[in-house]
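Visitor: This is the structure, below, for whatever I ask next.
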Amino acid sequence: MPFISTHNFGNEENIATAPYARKAPYQYGWDWGPRFLTEGIWQPILLESWDSLRIDNFHIHQRKVTSDTASLEAELAVEASQSTTALISYAHSELSRRQSSDGSQTVQLDPGINQVFFAFRIAAPKRWYPVGYGTQDRYRFSTSIRLGHETAARAEVTTGLRSLELRRQADQWGKSFEFVVNGVSVFAKGANVIPFDSFPNRVTPEVHRRILEAARDAHMNMVREWGGGHYESDDSYDICDELGILVWQEFMFGGDMVPGDIDFQENVRQEAIDQIKRLRDHPSIVIWCGNNEIETGWYHWGDRQEFKESISPETRDRVWQDYIIMFADILKRAVTELADPTPYWPSSSSANFEEIPDNQHNGDMHYWAVWHQEAPAEDYTRQLPRFMTEFGFQSFPEMRTIRTFAKPEDFDIRSTVMQAHQKNKGGNERILTYMLREYRQPKDFPSFVYLSQVQQAEIIKIGAEHLRRQRPRTMGFVVLAVE
């Protein structure tokens, strides 16, 4: 693989190893956070023993869901130690209600993995909706496998029943980009989610609930699980299901072109399979996206243009072809085969390879001229995207937070401490530049901190209100506001 990472994420360091390791990209440093390359095992490790058989995966395919009928199909991956005949029973219940039997089947199991399917229906299903569009009804589905008179294995899965479509139709503005749940077009409004802590083992379910409930209370109905982080734990998605918060789920690739060797590709393929199987029964997940900003970076970022000019046309084509294989074949195929009906999108931002990404008539868009290029906030009102997956503005955190890492003598935006905590080069000065356009010089540092937060809110308000006024041309936005 000839490509060397040149993206420095706003830092001076050039981290050349990040694309080659399946490790959270943000831990190598980003323009919003420090470089902390953690090591060690931080996820639970389980040792599972079994005798005759085990259920490796239990999934409910939602073949067709309407107000009249939910046509479903249970899928089990059953691992057996030897040939045997088994009776598999199925049941469902509304949460906290008594179970209803869905039937049973007798199957012949062979040694190894056996795929078992069972079709059934639920009349007049209670459907799951995003918050603000209906209730978040969910069902608990269960299965049990009997060998003779003994129950050898059980499994349960909780999900919400809903139809889902990413509607992209030609119209007078180009091509639409809207999520349709149970036949209802949803205007998405929410926030990008970066990892909740630089050290992920410190994040608890209580932290997830506090932040996601705050999003719900702020009238958000979507979060974007940004591709520079890591796949969140099960409880985070459970809470989104409960609250009715839609999830734009990205595979964990953020900014850098990817290696093209077969071993790396096959490792990612298995990663995708594992994560899709773990998460596919969450009704909140309404899209799987290949990556964050790799495609737009290839076309628009200065360091990528320099890189492309430094190599031969043959090598340049090979690097792009490696990208296509990963994000238009491997990941797309995994989603199509395992996560139907949840749609796949190759990158954020993208036009699905139909046009150059980051345009205003096809696909989703990121807009950062306000902030990075110091464009006036009013420039938001000139943007007419079909769906905005990133825009935002930075502020300082509150003084209570600042006092945890700084002393009074550090209370200056140009102090060594404040510059060290600002990972976006020139960010502190940029906040002040915007501030002096609209406000008077703050009288002291605490006033500057407070006014930076007011400024952030006012600037994002301009963008958010403008994008909401563009409905149905624009059908959603996801803000990124950094402190």
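Visitor: Across segment 331-348, what is the total count of residues that are of a type in the set (Ser, Thr, Tyr), surrounded by fewer than 18 Cβ atoms within 10 Å (Cβ to Cβ) and assigned to a loop (DSSP other than H, G, I, E, B)? Walk me through how you get there before you give the answer.
Guide: Kept after step one, since they are of a type in the set (Ser, Thr, Tyr), are these residues of segment 331-348: 336, 342, 344, 347-348.
Adding the requirement that they be surrounded by fewer than 18 Cβ atoms within 10 Å (Cβ to Cβ) leaves 336.
So of that shortlist, the ones also assigned to a loop (DSSP other than H, G, I, E, B) come out as none.
Number of matching residues: 0.
Visitor: Output the residue which, of all residues in segment 170-185 that are in a loop (DSSP other than H, G, I, E, B) and over 28 Å from Asp68 (Cα atoms), is farthest from the chain's Cα centre (by Cα).
Guide: Among those that are in a loop (DSSP other than H, G, I, E, B) and over 28 Å from Asp68 (Cα atoms), it is Gln172.
Visitor: Additional query: Could you tell me whether Ile285 is closer than 24 Å to Met388 by Cβ and of a type in the set (Val, Ile, Thr)?
Guide: Taking the combined requirement at face value, the residue satisfies it.
Visitor: Another one. Would you check if there is a residue in segment 98-107 being surrounded by fewer than 18 Cβ atoms within 10 Å (Cβ to Cβ), more than 18 Å from Ala155 (Cα to Cα) and modelled with pLDDT of 95 or more?
Guide: No, because not a single residue in segment 98-107 is surrounded by fewer than 18 Cβ atoms within 10 Å (Cβ to Cβ), more than 18 Å from Ala155 (Cα to Cα) and modelled with pLDDT of 95 or more.
Visitor: Looking only at residues that are of a type in the set (Gly, Ala, Ser) and touching a helix residue (DSSP H, G or I) at 6+ places or on another chain (Cβ under 6 Å) in segment 1-19, which one is modelled with the lowest pLDDT?
Guide: Of everything passing the filter in segment 1-19, Ser5 is modelled with the lowest pLDDT.
Visitor: Let me ask you something else. Residues in segment 150-173: is at least one modelled with pLDDT of 95 or more, of a type in the set (Phe, Trp, Tyr), under 30 Å from Gly190 (Cα atoms) and in contact with a Gly (Cβ under 8 Å, 6 or more places away or on another chain)?
Guide: Scanning segment 150-173, I find no residue that is modelled with pLDDT of 95 or more, of a type in the set (Phe, Trp, Tyr), under 30 Å from Gly190 (Cα atoms) and in contact with a Gly (Cβ under 8 Å, 6 or more places away or on another chain), so the answer is no.
Visitor: Based on what the data block shows, is Ile113 over 23 Å from His282 (Cβ atoms), surrounded by fewer than 19 Cβ atoms within 10 Å (Cβ to Cβ) and of a type in the set (Val, Ile, Thr)?
Guide: yes
Visitor: Filter segment 251-280 down to the residues that are of a type in the set (D, E, K, R), within 23 Å of Val157 (Cβ to Cβ) and in contact (Cβ under 8 Å) with a residue 12 or more places away in the chain, then identify the one that is surrounded by the most Cβ atoms within 10 Å (Cβ to Cβ).
Guide: Among residues in segment 251-280 that are of a type in the set (D, E, K, R), within 23 Å of Val157 (Cβ to Cβ) and in contact (Cβ under 8 Å) with a residue 12 or more places away in the chain, the one surrounded by the most Cβ atoms within 10 Å (Cβ to Cβ) is Arg280.
Visitor: Can you pull out every residue in segment 33-59 that is in a strand (DSSP E or B) and of a type outside the set (Gly, Ala, Ser)?
Guide: Leu53, Arg54, Ile55, Asp56, Asn57, Phe58, His59
Visitor: What is the number of the single condition among (1) without any contact (Cβ under 8 Å) to a residue 60 or more places away in the chain; (2) within 30 Å of the chain's Cα centre (by Cα) that Ser83 does not meet?
Guide: Answer for Ser83: the failing condition is (2).
Visitor: If you go through segment 134-155 one residue at a time, do you hit one that is of a type in the set (Val, Ile, Thr), crowded, with 19+ Cβ neighbours inside 10 Å and under 22 Å from the mean Cα position of the chain (by Cα)?
Guide: No, the conditions are met nowhere in segment 134-155.
Visitor: Among what's in segment 331-348 and is of a type outside the set (Val, Ile, Thr) and over 25 Å from His366 (Cα atoms), pick the residue that is modelled with the lowest pLDDT.
Guide: Asp340
Visitor: Scanning for something assigned to a helix (DSSP H, G or I), free of Cβ contacts under 8 Å to residues at least 40 places away in the same chain and either farther than 28 Å from Trp298 by Cα or among the small types (Gly, Ala, Ser) (or both), does segment 375-394 turn up at least one residue?
Guide: No, that holds for no residue.
Visitor: Please indicate, with yes or no, whether at least one residue in segment 433-454 is within 29 Å of the chain's Cα centre (by Cα) and charged (D, E, K, R). If you could, list the steps in order and put the result at the bottom.
Guide: From segment 433-454, those within 29 Å of the chain's Cα centre (by Cα) are 452-454; that's our starting set.
If we keep only those that are charged (D, E, K, R) as well, we get none.
The answer is no; no qualifying residue exists.
Visitor: I need a count of the residues in segment 440-480 that are farther than 19 Å from Arg400 by Cα, in a loop (DSSP other than H, G, I, E, B) and touching a helix residue (DSSP H, G or I) at 6+ places or on another chain (Cβ under 6 Å).
Guide: Total meeting the criteria: 1.
Visitor: Would you mind finding the one in Asn428, Asn424 that is surrounded by 15 or more Cβ atoms within 10 Å (Cβ to Cβ) and either assigned to a strand (DSSP E or B) or modelled with pLDDT under 95 (or both)?
Guide: None of the other options fit; the residue is Asn424.
Visitor: Separate question: Mind listing just one residue for me: the one in segment 195-212 that is surrounded by 17 or more Cβ atoms within 10 Å (Cβ to Cβ) and in contact (Cβ under 8 Å) with a residue 60 or more places away in the chain and, of those, farthest from Ile239 (Cα to Cα)?
Guide: Selected residue: Pro200.
Visitor: Can you tell me which residue among Thr151, Thr158, Thr106 is free of Cβ contacts under 8 Å to residues at least 12 places away in the same chain and of a type in the set (Val, Ile, Thr)?
Guide: Values: Thr158 fails: free of Cβ contacts under 8 Å to residues at least 12 places away in the same chain; Thr106 fails: free of Cβ contacts under 8 Å to residues at least 12 places away in the same chain.
The unique qualifying residue is Thr151.
Visitor: Output the qualifying pairs, or none if there are none: Cβ atoms under 8 angstrom, residues six or more apart or on different chains, first residue in segment 164-177 and over 15 Å from Ile287 (Cβ atoms), second residue assigned to a loop (DSSP other than H, G, I, E, B) and among the acidic types (Asp, Glu).
Guide: Partner pairs satisfying both residue conditions: Lys175/Glu354.
Visitor: Within segment 20-32, can one find any residue that is hydroxyl-bearing (Ser, Thr, Tyr), part of a loop (DSSP other than H, G, I, E, B) and either crowded, with 16+ Cβ neighbours inside 10 Å or at pLDDT 95 or above (or both)?
Guide: No, the conditions are met nowhere in segment 20-32.
Visitor: Right, something else. So which residues in segment 132-154 are assigned to a strand (DSSP E or B) and over 30 Å from Met222 (Cα atoms)?
Guide: Thr143, Ser144, Ile145, Arg146, Leu147, Glu150, Thr151, Ala152, Ala153, Arg154
Rundown of residues vs (1) in contact with a helix residue (DSSP H, G or I) (Cβ under 6 Å, 6 or more places away or on another chain); (2) in a loop (DSSP other than H, G, I, E, B); (3) modelled with pLDDT of 95 or more; (4) surrounded by 15 or more Cβ atoms within 10 Å (Cβ to Cβ), yes/no style:
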site: Arg304; (1), (2), (3), (4): yes, no, no, yes
site: Asp322; (1), (2), (3), (4): no, no, yes, yes
site: Asp329; (1), (2), (3), (4): no, no, yes, no
site: Ser350; (1), (2), (3), (4): yes, yes, yes, yes
site: Gly363; (1), (2), (3), (4): no, yes, yes, yes
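Visitor: Here is a further query. Anything in segment 109-131 that is touching a residue at least 40 places away in the same chain (Cβ under 8 Å), within 17 Å of Ile60 (Cα to Cα) and outside any strand (DSSP E or B)? List them, or say none.
Guide: Result: Pro125, single match.
The values are calculated or read from the model by the stated rules, or taken from the named source; none is laboratory data. Every value quoted in this text rests on a predicted model; they were computed, and no experiment measured them. All Cβ positions, even for glycine, are placed from backbone atoms using ideal geometry, and neighbour counts span all protein chains on display.
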